[in-house]
Amino acid sequence: MFNLFNKGYGGCCNTVNQGCMEREIVEPTINKCIEKEYYHEVPHVCPIHTHVINKHIYKHTYTPQYSCSEENQVYNEDCGSCCNFQ
């Protein structure tokens, strides 16, 4: 029978049936790769400037404003003087 315990594989007994405690065999390490993604929020400030131009537009309208003036002229009709009635 082939005995692995005497060949340096961690056994302490000559046979399996001797009832002694056997050391556990450490197998080669299996490496697992786990990829994780971490999302980070990076705030950015985007300045926006609004320039307001106020246009004041004047529409010129013309309304006639009538005026009136009055002048009094005096004309004397002179038929003569009292001395003309003689």
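Here, each number is a calculation from the coordinates, and none is a lab measurement. Model, not experiment: these values are computed from the prediction.
Contour minus end-to-end for Thr29 and Thr63, with contour as 0.36 nm per residue of separation and end-to-end as the Cα-Cα distance?
On the way: separation 34, 0.36 × 34 = 12.24 nm, distance 10.34 nm.
Gain in length upon complete extension: 1.9 nm.
Under a no-solvent Debye model with one identical scatterer per Cα of region 25-73, what's log10 I(q)/I(0) at q = 0.22 Å⁻¹?
Values returned for q = 0.22 Å⁻¹ are -1.06.
Identify all aspartates and glutamates with a Cα-Cα distance to Lys36 below 12 Å; exclude those on the same chain that are fewer than 8 residues away in sequence.
Qualifying aspartates and glutamates at Cα under 12 Å: none.
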